[in-house]
């Protein structure tokens, strides 16, 4: 992949925050390369807004990477509406034990994701699944997963309807939301019950390393959430 020079900032001189080293450890160089691809080719191809380049680390990579704090070892994760690879690619970089499916319907974004996977040498653990979460072909390829993640895709009621068919019976959806996550969970509680799901927990992640915490709504099938709460 050829990465054009960013207009206002050289990717090579971008400041790496201390939290990046703390989260990515010996895989920091991979995370840095991914950040540079987003700041260069990602902006040129319209996947990342040019105003986002100064906050790619804090708002995008680190915010995504801390989701792995909720995952056990050696599991498969489905990233729905992956876009430029968020949160799936930072999760895969931080945790090489994970197997990550990046579900993305748009061809230009899927092409970018495939190029990033090749560039970062992640083909052994990360793959692109082109399509929408509700497509039968996507369910056949990426379904029956214990873990589905999504970031900035849709309001919680629609997101649950799309993602629930991809979850195994005991699976969990991790919906990355903002600081108003509790309000959104309350607002859509009836819609989630109708869909056969419920909010199991609302987690705040990264408080020890990030300036702004990551809020995650954990959703399970209704029967599973009740059983776990006993």
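The values are calculated or read from the model by the stated rules, or taken from the named source; none is laboratory data. If you're wondering where the values come from, they're calculated on a predicted model, not measured in any experiment. Please note: Cβ atoms are built from the backbone with ideal geometry, for glycine as well, and neighbour counts cover all protein chains shown.
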Practice problem: Evaluate the range 12-20: report whether one residue or more is touching a residue at least 40 places away in the same chain (Cβ under 8 Å) and closer than 21 Å to residue 125 by Cβ. | Solution: yes
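So that you can scan it fast, the table gives a plain yes or no per residue for (1) in a strand (DSSP E or B); (2) in contact with a helix residue (DSSP H, G or I) (Cβ under 6 Å, 6 or more places away or on another chain); (3) more than 22 Å from residue 106 (Cα to Cα); (4) at pLDDT 95 or above:
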site: 26; (1), (2), (3), (4): no, no, yes, yes
site: 30; (1), (2), (3), (4): no, yes, yes, yes
site: 55; (1), (2), (3), (4): no, no, yes, no
site: 60; (1), (2), (3), (4): no, no, no, no
site: 72; (1), (2), (3), (4): no, no, yes, yes
Quiz item: Taking the range 177-196, which residues are within 16 Å of the chain's Cα centre (by Cα) and either over 27 Å from residue 213 (Cβ atoms) or at pLDDT 95 or above (or both)?
Solution: none
Quiz item: What are the residues in the range 106-115 that are within 21 Å of residue 139 (Cα to Cα) and surrounded by 16 or more Cβ atoms within 10 Å (Cβ to Cβ), if any?
Solution: 109, 110, 113, 114
Quiz prompt | Given (1) modelled with pLDDT under 95; (2) touching a strand residue (DSSP E or B) at 6+ places or on another chain (Cβ under 9 Å); (3) not in a helix (DSSP H, G or I), index of the condition residue 225 fails | solution = (3)
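Can you go through 38, 67 and tell me which one is assigned to a helix (DSSP H, G or I), under 26 Å from residue 133 (Cα atoms) and either in contact with a strand residue (DSSP E or B) (Cβ under 9 Å, 6 or more places away or on another chain) or modelled with pLDDT under 95 (or both)? Steps first, answer last, please.
Working: 38 fails: either in contact with a strand residue (DSSP E or B) (Cβ under 9 Å, 6 or more places away or on another chain) or modelled with pLDDT under 95 (or both).
The conditions single out 67.
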Quiz prompt | Qualifying residue in the range 83-102 (condition: more than 28 Å from residue 27 (Cβ to Cβ), in contact with a helix residue (DSSP H, G or I) (Cβ under 9 Å, 6 or more places away or on another chain) and surrounded by fewer than 23 Cβ atoms within 10 Å (Cβ to Cβ)) | solution = no
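Name the one entry in 156, 174 that is crowded, with 20+ Cβ neighbours inside 10 Å, at pLDDT 95 or above, closer than 24 Å to residue 89 by Cβ and in contact with a strand residue (DSSP E or B) (Cβ under 9 Å, 6 or more places away or on another chain). Talk me through it step by step, then tell me what you get.
Details: 156 fails: at pLDDT 95 or above.
That would be 174, the only listed residue that is crowded, with 20+ Cβ neighbours inside 10 Å, at pLDDT 95 or above, closer than 24 Å to residue 89 by Cβ and in contact with a strand residue (DSSP E or B) (Cβ under 9 Å, 6 or more places away or on another chain).
For the range 68-79, enumerate the residues that are farther than 15 Å from residue 31 by Cα and in contact (Cβ under 8 Å) with a residue 24 or more places away in the chain. Before you say what the answer is, go through the steps one by one.
Within the range 68-79, the subset farther than 15 Å from residue 31 by Cα is 69-79.
69, 70, 71, 73, 74, 75, 76, 77, 78, 79 - these are the residues of the range 68-79 that are farther than 15 Å from residue 31 by Cα and in contact (Cβ under 8 Å) with a residue 24 or more places away in the chain.
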